[in-house]
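Let me begin by presenting the structure, written as structure tokens, before commenting on it.
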Amino acid sequence: MSLDRNACIAEIQQIVDNLAVFECFANAVFMEAHDLGLQGKKRQLRYSDAKFGNIRKYLQSEARDFLGVKITPKEARNPFSYSGGVEGFLQAYKDALLHIYTTLHQSANRLVSPCCMRHLAAPLYDEAECVKKQYVEVCREIERYAIVKRDGTAAHDLFRVENSAESIHDTMEDKESGGVGYKW
């Protein structure tokens, strides 16, 4: 199989455009999480924003070095909106994470075949796995939120005690202070 340079450039351009949108998304969701007072989500989304940017810049750099082209993202707009307070936020965020996960995974697959650029796919696969974990966390948060809403303060206190030793906020604080982005 030979390398179709133009197809590879087009694929990388599409991925760079998607990553720019995902950066914009993470930034917008960060602001909404801030308004809702979702402490761990704010830090997690700042981290995601930076990781998407670093992966985008990595691909741009590799495209310049390997293919000799400068790839810049199209103007990215915020694709995130929700209604209904915390419940609506979590549901919209969950749906968006599933879209991001599948987009990253499909893009990585196309880099491997037909583009024969497996080395560029690695950070996309890695980030897809991180997004999948966030998706699972949000699914659990939606379930817990519904239980607390139904059963009241006792369930809230139970979840708070169980999660206080290892909250998203604490986990993301360590990651954020140790450097941000994909490490290759």
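Rule-based calculations on the coordinates, nothing more; no lab input. If you're wondering where the values come from, they're calculated on a predicted model, not measured in any experiment. Cβ sites come from the backbone with ideal geometry, for glycine too, and all protein chains shown count toward neighbours.
If you go through segment 81-95 and keep only what is among the aromatic types (Phe, Trp, Tyr) and over 13 Å from residue 141 (Cβ atoms), you end up with just 82. Of all residues in segment 63-76, none are in contact with a Pro (Cβ under 9 Å, 6 or more places away or on another chain) and in contact (Cβ under 8 Å) with a residue 12 or more places away in the chain.
Inside segment 111-120, can you point out the residues that are part of a helix (DSSP H, G or I) and surrounded by 21 or more Cβ atoms within 10 Å (Cβ to Cβ)? Listed by number, the residues that qualify are 111, 120. Considering each residue of segment 68-82 in turn, none proves to be part of a helix (DSSP H, G or I), more than 30 Å from residue 111 (Cβ to Cβ) and over 15 Å from the mean Cα position of the chain (by Cα).
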